[in-house]
Amino acid sequence: MRLLRQLMSDLRGATAIEYGLIAAIMSIALISGYGAFTGSLLGTLNNVESHISNSTN
């Protein structure tokens, strides 16, 4: 019973969970931002390629 009370009063686990949640949210934001950036970059490069192809013909 004493061990259970010690675990309930220990706040280090809650802090670790909070940091884990923050890391997970940041990871999701970075991955989705990377996807949006990659799509935009590919669109720009395709546009440049088409302009170069049209100017050489």
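Measuring spread by the Cα atoms of the chain yields a radius of gyration and Dmax of 24.8, 83 Å. With θ taken as phi - 60° and the Karplus curve 6.51 cos²θ - 1.76 cosθ + 1.60 applied, the whole-hertz 3J(HN,Hα) list for the range 16-23 is 5, 5, 4, 5, x, 5, 4, 5 Hz, x standing for glycine and proline.
Quick note: the coordinates plus some simple rules give every number you see, no bench work behind them. Please read these numbers as outputs of a predicted model, since none were measured by experiment.
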